[in-house]
1. Among GLU367, GLU66, GLU123, GLU631, rank each residue by its count of other Cβ atoms within 10 Å, from fewest to most, as a rough exposure measure.
2. Taking square-rooted eigenvalues a ≥ b ≥ c of the alpha carbon gyration tensor, is the range 108-197 rounded, prolate or oblate, where a/c under 1.5 means rounded and, failing that, a/b exceeding b/c means prolate?
3. Which label belongs to the value computed from this structure, given these candidates for Rg and Dmax of the Cα atoms in Å: [x] 43.4, 165; [y] 25.0, 84; [z] 36.8, 117?
4. For the range 270-377, state what percent of all Cα-Cα pairs lands in each successive 10 Å bin, counting from 0 Å until the bin that includes the largest distance.
5. Contact order normalised by length for the range 416-521, with contacts defined as Cα pairs under 8 Å and 6 or more residues apart; what percent is it?
6. Spin-label point model (7 Å from Cα, Cβ direction): what's the GLN216 to ILE498 distance in nm?
7. For the charge dipole of the chain, defined by +1 on Lys and Arg C-beta atoms and -1 on Asp and Glu C-beta atoms about the Cα centroid, which residue among THR455, GLY506, VAL109 has the Cα displaced farthest towards the positive pole?
8. Which aspartates and glutamates, if any, have their Cα less than 15 Å from the Cα of LYS580, not counting same-chain residues under 8 positions apart?
Amino acid sequence: MLTIDGLITGIDTESIVNGLLEIQQTQIDRLNVRRQDAIAQRSAYDSLEAQLLALQSTSTRLGQGERQLFQARTVEVNDETSLSATATSNSAIGSYQLTINSLARAHQVVSNGFEDTDSAITEGTLSLRVGSGTESTITIDSSNNTLQGLVDAINLSNSEVDASIIHSDSRGTTPYRIFLSAKETGAANTIQITNNLGASSGSATAPTFDFDNPVQAATDAEVQLGEGPGALTIHQSTNRLTNMIQGVTIDLLRADETKPIEVRVARNTEPAYEAITEFVDAFNGLMDSTDSLVRYNAETDEAGLLNGDRTAISIQNEIRTLILDVVPNVGSHANRLSALGISVTDNGRLSVNSGRLQSVLAGEDAEFTDRDLIRLFTLTGNSTHPNVSFLLGSSRTQPSDSPYEVDITQAAERAIITGDASLAASTTINSGNNTLQIKVDGATADVTLQSGDYTAAELAELLERTINQHSELSGRQVSVSLDSSGQLRIQSDSFGSISEIAILDGTALSELGLTQNPSDTGVDVAGNFLVNGQVESATGRGRLLTGNADNENTGDLQLRVTLTPSQVSAGADAEVTVTKGIASRLGDLISRLTRNEFGQLYTARELYDRRILTIEETIERQQAIFDEQQEDLIAQFVTLESSISELQNTSSFLASQLASVSQLSFS
């Protein structure tokens, strides 16, 4: 900007220019203040959103905590050196007396002795099998005909045996032995060896194993449940018991048949108590933050950034109303937070009566069940049919004023194939008829049956075990049985269109009665929902029926339907009542408030963004006018100074001329 200092005229031109433009500058300054206020108010909504998301985080934990929070269990053991235990949400609360009579152990045997780990062994084949598992055959030739070579070959095979070399006695000349241990414990998992290695010759020694004197016999775990006359004795092949007590996993560590051990399963109230108090703290934090933003202090004449902002006040009121509301479809004894000892203070905050809350969580209130807690906070559903059960929903799933009718038109089915001929009473499987190429649920595998003589039932059992243990079919299972005609019946354990069984090829087709290469594919469940007489579509996958996302009421409502085809009837097969608890509804509300383009927060911030932009555009226009006027005034003063300077120069010239004339006249 051009500046002048008034040296010619002696006038403070800069102050005069600023004074002439003071009104315009004041307007720009006021606009800048309004801009800063608008920016601060928009930032206040960012702060408000952070508080809302913090509350949503705690409500999500509550809303999805059916098992992790309200059905959590803890296990206490009075002798942790003998066993350890964990419990899932479906475990029954109670105390159990256990006596560990014996532990499950793996079969272990050793070989004859050798001079060194590199001692030569005879060549040939060695076949290993554990229990009724698959046999693995190892070939020993010039590439691996040493003690270490045999151990490495066993460990690289697919056998269920671990091999190592032990140094048994430094005083003898042959202290090195092969130590074999079954990978699985249990009396049925004995190691069986078919030794076709050559006889000892020259420097090569034939390995042999002493099965009559095992290092450790294969044994089952034996546990006694209870101490009375009706005490039960349980035998398990492993030291991990997963089905003795429902929902409780027990790891056996030490046996002592004289020492009963108490295992006590109780409610774990800590996770739920922590989640609920965090929820209360987050709600109170949001209320504090909102109050500070919308407050007005008449004594100090100070106002919050969002004082008078209807959107902020509306959000606060919506949250508070929902928190204090009654949950429909829940009994009056458990349909609001006050039933848990959570009350409202005079300033609209939540206060927790810890004693009452802990009492409810601990199950000390007989009227307040775990199910009541779940329904108070989460999204749940209750079906009138035991074979139609609620699984989950989403924000699109609406609570039902009246039950939703479920009309199943097709039950889910599994893929099943049946042989074309009955199995022989006895079948010999050998290398010429032991292969089968089968496709199960989209994966293909070439299975090899164990050689041997089998009855029809044994052959069916062998086929099932061999298919289910094949690595290419991991995660896929079949059931193999005989029908009333003695024909093989192979069924996929999965349901729906992903369920598939197909016999493709193999040398065992004739022996298995599968020469026609049968195949089959399962069927997905099909059906829809009826809401007040209006049909809402659903999509089936396997046994899961899910309401289409654009349904008005049943969007994303997911049911597990285990009806058989004979159980499907015309019309509604079940009714489902959907309940949305406080945490679930609150999560939905905050999602609506904070979502882009349609949420109230987005709309409010857009309003402030437009306001800021409008103010900035106004400032830009006012500044342009100001700059133009300033430059014009300065230019005028520059002209004035220039003109006066010229006059002064002329005056000085005339004065000098007059002086000269005067001097001439005197002379």
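1. Listing GLU367, GLU66, GLU123, GLU631 from fewest to most nearby Cβ atoms yields GLU367, GLU631, GLU123, GLU66.
2. Oblate, because a/c is 1.5 or more while a/b does not exceed b/c.
3. After the calculation, the listed value that fits is [x].
4. 13, 39, 28, 14, 6, 0
5. 39
6. For GLN216 paired with ILE498, the spin-label model returns 3.8 nm.
7. Farthest along the dipole direction, towards plus: THR455.
8. GLU66, ASP325, ASP372, ASP401, ASP556, ASP588
The numbers here are math on the coordinates, done by the rules we state, and not lab data. Remember, it's a predicted structure, so these values are computed and weren't measured experimentally. Every residue, glycine among them, receives a Cβ derived from its backbone with ideal geometry; neighbour counts consider all protein chains shown.
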